[in-house]
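Bear in mind that the values in this text are calculations on the coordinates, not laboratory data. Predicted model only: the values in this text are computed from it and were never measured. Using ideal geometry, Cβ is built from the backbone for each residue, glycine included, and neighbour counts are taken over all protein chains shown.
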Amino acid sequence: MDPRFEASKYENTIYNFWEQNGYLQSKKGKPYTILMPPPNANASLHAGHGMYTIDDIVIRWKRLTGYASLWIPGTDHAGFETQYVFEKELAKKEQSRLNFDRETLYKMIFEFVKDNSGLIYTQFKKLGFLADWKRSVFTLDKQVIAYVSDTFKQMVTEGLVYRDNYIVNYCTYCGTSLAELEVKHIERKDPLYYLKYGPFVLATVRPETKFGDTAVAVHPKDKRYRQWINKDIEVEGLLGKFKVKVIADSVVDPTFGTGVVKITPAHDPNDFETGKRHDLEIKKVINIDGRLNELAGPYAGLKVKVARQKIIEDLQKKGLIEKIDENYEHSVTVCYKCGRDLEPTIIPNWFIKVDLLKKPVIDAILEGKVRFIPKKYKKQMLSWLEVMHDWPISRQIVWGIRIPVWYKVDKNAKNINVWWLDKNKKLNYGDISKFLKNGITLKEITSGLQQVSAETGSKQPSFVISNECPGDDYLPETNTFDTWFSSGQWPLVTLKKEEYKDRFPTDFMGTLSDILKFWISRMIMFSLYLKKTVPFKDVYLWSMVADSKGVKMSKSKGNVVNPIDMVNKYGADAFRASLLFGIGEGGTVNLSEDKVRAMRNFTNKIWNIGRFIYMNRSQSSKVISQNLDLKTKKTTDEMETEFGILRKKIIKYMNSYKFSAAFGDLYEFIWHRFADFYIEQLKEAVTTGDNQTLETLEKVYLNMLIMIHPFMPYVTESIWQIFNGSSSSILESKINVS
RNA sequence: GGCCGUUUAGCUCAGUGGUAGAGCGCUGCAUUCACAUUGCAGAUGUCGGAGGUUCAAAUCCUCCAGCGGCCACCA
């Protein structure tokens with residue numbers, strides 16, 4: 001044995017050994033199943049992925065305690081995320097999504113993802129993950145698309161899906177609407193304009209939406225304005241005089257500004273709700289390209305921010321601005337992806353009614369059918385489920401599973417807006433009837449199709465749900481499902497049919513806490529809806545991996561630790577252990593090179609204990625064992641007793657998922673009790689040929705190796721094979737937990 | 001504004017009613033010894049603050065403050 005454990009010398013050989021000898025597959029025994037949270041197909045490993053180690057520890061521990069543990073991997077197409085990355089690549093070539101029809105764009109992204117996928121699995125293997133890679137599932141695999149489409153069909157049939165014109169947060173840059181979870185709120189200073197508005201003065205940060213005002217609201221109990229309620233007022237505006245109704249609504253805070261609010265249902269979520277309550281007209285003045293439309297008169301065609309400046313100047317000229325508060329602080333909703341201001345706007349969307357679906361989820365959590373570790377996430381989950389609104393599932397991007405809907409288009413077709421490229425690659429936009437009347441064929445439109453937006457409500461065209469095109473006179477819905485709509489069905493598409501009998505619900509779901517609401521909630525929801533049972537029993541949430549000071553890693557801060565660098569330098573075992581050592585369960589994980597180095601030193605300590613025993617074993621194999629002297633006997637007895645106690649403690653910790661505590665105790669025992677104390681005490685006896693003591697040392701040592709194997713698989717397996725032969729595996733060992 | 005978490009050594013963090021702990025860093029000593037990626041010894045703490053419960057509180061309770069997370073609202 002070398003005087004040092006050189007991880008790089010063993011890791012590949014050991015992993016290949018596991019792979020070639022079927023250790024990635026489950027063995028006989030009681031089933032135990034973990035589904036890997038699918039990373040983005042085109043991702044490469046970052047520090048956060050390191051936490052998948054937790055799942056691997058559980059898989060290995062369960063294997064050693066006699067379970068047929070199985071870890072099924074997969075990758076996610078990550079719709080919005082991936083298209084965003086791809087569009088950035090396009091932009092480098094001075095192109096944009098608008099240059100391509102949707103089919104071409106889809107194919108291009110598909111190729112892009114294909115070129116970049118596979119890397120993360122190679123990296124996972126480097127970390128030693130015992131996953132059954134042959135069973136990998138991609139969320140755009142045929143059977144997944146079919147399953148997800150069937151779910152949609154069933155939900156439509158059961159009345160759980162509706163289309164509606166709904167105010168959504170729309171990112172004019174990314175070109176799609178976002179769910180509430182995908183928006184970010186930031187605090188910002190913006191000017192608050194006090195506008196003269198007929199008999200009133202009112203405060204707004206968005207004067208450019210005033211062309212879409214369809215009411216003015218005051219608080220019902222506000223005495224100042226009581227006389228105006230339900231009356232029309234005449235307002236002098238930039239486009240001349242107009243009349244607008246005064247309504248009373250308790251959303252108005254009489255102490256804010258002047259206590260008067262303009263209501264713009266088309267461009268503000270609150271105003272939209274208010275508008276619904278008072279049955280107000282909806283006047284859209286901003287198009288989804290972020291520009292004002294013809295209702296804005298001379299300002300039509302201007303982008304929102306430009307228009308705002310111009311409008312303010314013009315209002316000032318007309319003397320319609322009373323004052324401007326330049327230091328107004330408020331929170332603004334921005335796109336979580338590109339950081340730009342979101343435009344609340346009304347576009348047709350597909351929605352899932354969640355009221356009926358979320359109830360069983362809440363019950364299951366309350367009944368403890370799904371447990372959360374750490375416990376605080378149970379409360380967080382429940383409080384979020386309570387306020388959960390209907391889920392807008394349509395995204396106006398191409399990278400994803402298309403909503404399998406086809407609109408019937410006949411001679412009288414209308415109420416369907418289309419964006420399409422003609423033969424000359426020129427983008428056309430408008431109601432489909434306009435094009436058909438001008439002699440353009442449906443085929444021409446579909447071959448260059450970018451987007452379809454069908455009206456809702458009474459104007460909604462008829463449609464059929466089908467994966468295949470039902471006929472020549474149909475136009476496909478171009479919206480795709482929200483990524484979480486498909487990944488939410490992950491537990492329902494990863495197992496083989498026959499496995500649902502004994503591997504479902506699965507046992508453990510270890511994932512990052514920041515997708516608790518996006519993903520975990522939806523998986524439970526879909527599973528309860530479709531399978532009438534929860535998808536997994538225990539959810540283990542780990543927090544963000546941060547740098548040594550607890551600061552989130554980011555390229556701009558320059559504090560990113562590359563896991564693969566750490567693995568190459570110090571070994572996979574050291575990197576894995578550094579994510580666990582000295583942390584609280586569910587807290588921030590601080591990663592630093594110092595810590596990885598400390599753990600590398602520990603692997604070396606484990607190795608050298610083995611080296612000591614091994615050297616003496618080969619030397620003393622022919623020496624006849626002596627009678628133990630009393631002191632030596634007492635020490636070995638103590639050692640065995642102490643290890644016995646530790647063993648029970650570790651089992652207890654592992655059963656309650658206290659990985660850090662388990663590893664910490666093993667570290668303490670192996671280094672500071674076994675090596676520093678017992679070996680030192682017994683060294684003389686062993687080196688002078690006391691075989692019996694050496695055997696006891698070896699027995700305890702090998703048992704220790706088994707216990708720590710889930711945490712440090714490579715060094716333990718390497719030593720095991722040196723002691724027991726290169727065809728043996730530590731994974732064949734059994735830890736008796738009873 | 002609501003809920004949750006957190007505050008312990010220079011740094012990063014464990015600890016849970018009974019003598020304050022680890023890793024890294026620091027100081028001194030040890031070298032043909034399994035390992036210097038080592039060993040031994042040591043320094044550094046009013047355990048955020050104030051009250052309370054208890055024979056006994058870092059640990060349980062109340063209040064306050066700082067930090068963090070989640071949610072809601074912001075014309």
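Averaging 1/r over each pair of different alpha-carbon atoms in chain A and inverting the result gives 29.8 Å, the Kirkwood hydrodynamic radius.
Take the Cβ atoms of residue A:383 and residue A:692, set R0 to 56 Å, and the FRET efficiency comes out at 0.35.
If you take the Cα centroid of region A:147-217 and the Cα centroid of region A:389-466, the two points sit 22 Å apart. Within straight-line reach of residue A:652, meaning a Cα separation under 17 Å, sit the following lysines at least 8 residues removed in sequence or on another chain: A:62, A:734. Once the Cα-Cα distance is subtracted from the 0.36 nm per residue extended length, the residue A:323 to residue A:278 segment shows a gain of 13.2 nm. Normalising the average separation of contacting C-alpha pairs (under 8 angstrom, six or more residues apart) by the number of residues puts the relative contact order of region A:1-118 at 32 percent.
Considering only DSSP beta bridges whose two residues both sit in chain A, what percent are antiparallel, to the nearest 5? Approximately 75 percent, going by the DSSP bridge assignments. With neighbour counts taken as other beta-carbon atoms within 10 Å, the residues A:108, A:1 rank, fewest first, as A:1, A:108.
A simple spin-label model places the labels of residue A:737 and residue A:443 6.4 nm from each other, with each point 7 Å out along Cα-to-Cβ. Summary of the geometry: region A:536-567 and region A:627-664, compared by the centres of their Cα atoms, lie 32 Å apart. Looking at region A:241-301, the GluC sites (Glu not before Pro) that sit in a DSSP loop and have at most 15 other Cβ atoms within 10 Å of their own Cβ are A:281. Spin-label model, residue A:229/residue A:157: points 7 Å from Cα along the beta carbon direction are separated by 5.1 nm. Mind checking which lysines have their C-alpha under 20 Å from residue A:303, skipping anything on the same chain fewer than 8 residues away? Candidates past the 8-residue exclusion: A:210, A:283, A:284. With both labels modelled 7 Å from their Cα along Cα-to-Cβ, the residue A:722 to residue A:141 distance reads 4.0 nm. When you restrict to C-alpha pairs under 8 Å that are six or more residues apart and normalise by the size of chain A, the relative contact order lands at 16 percent.
Taking R0 as 51 Å, what's the FRET efficiency between residue A:367 and residue A:597 from their Cβ-Cβ distance, rounded to 0.05? Between residue A:367 and residue A:597 the formula returns 0.65.
Counting only DSSP beta bridges with both residues in region A:215-350, what percent are antiparallel, rounded to the nearest 5?
80 percent
Sorted from fewest to most neighbouring beta carbons within 10 Å, what does the list A:71, A:18, A:61, A:406 look like? Show your work: numbers first, answer last.
Values: A:71 27, A:18 17, A:61 24, A:406 21.
So the residues, fewest neighbours to most, are A:18, A:406, A:61, A:71.
Listed by chain and number, the aspartates and glutamates whose C-alpha is less than 14 Å from the C-alpha of residue A:114, apart from same-chain residues fewer than 8 away, are A:76, A:141.
Were the residues from residue A:684 through residue A:188 laid out at 0.36 nm apart, the gain over their Cα-Cα distance would be 171.4 nm. Fully extending the segment from residue A:306 to residue A:468 would add 53.9 nm, taking 0.36 nm per residue of separation and subtracting the current Cα-Cα distance.
Within region A:189-293, all pairs of alpha-carbon atoms sorted by distance into 5 Å bins from zero give the percentages 2, 13, 24, 26, 21, 9, 3, 1, 0.
Remark: A:34, A:416 ranked as A:416, A:34, counting other beta-carbon atoms within 10 Å and listing the fewest first.
The alpha carbon centroids of region A:257-286 and region A:54-129 are separated by 42 Å. Only helices enter the 222 nm calculation for chain A: every DSSP H run of n ≥ 4 contributes -39,500 (n - 2.57), and dividing by all residues gives -11500 deg cm²/dmol, rounded to 500.
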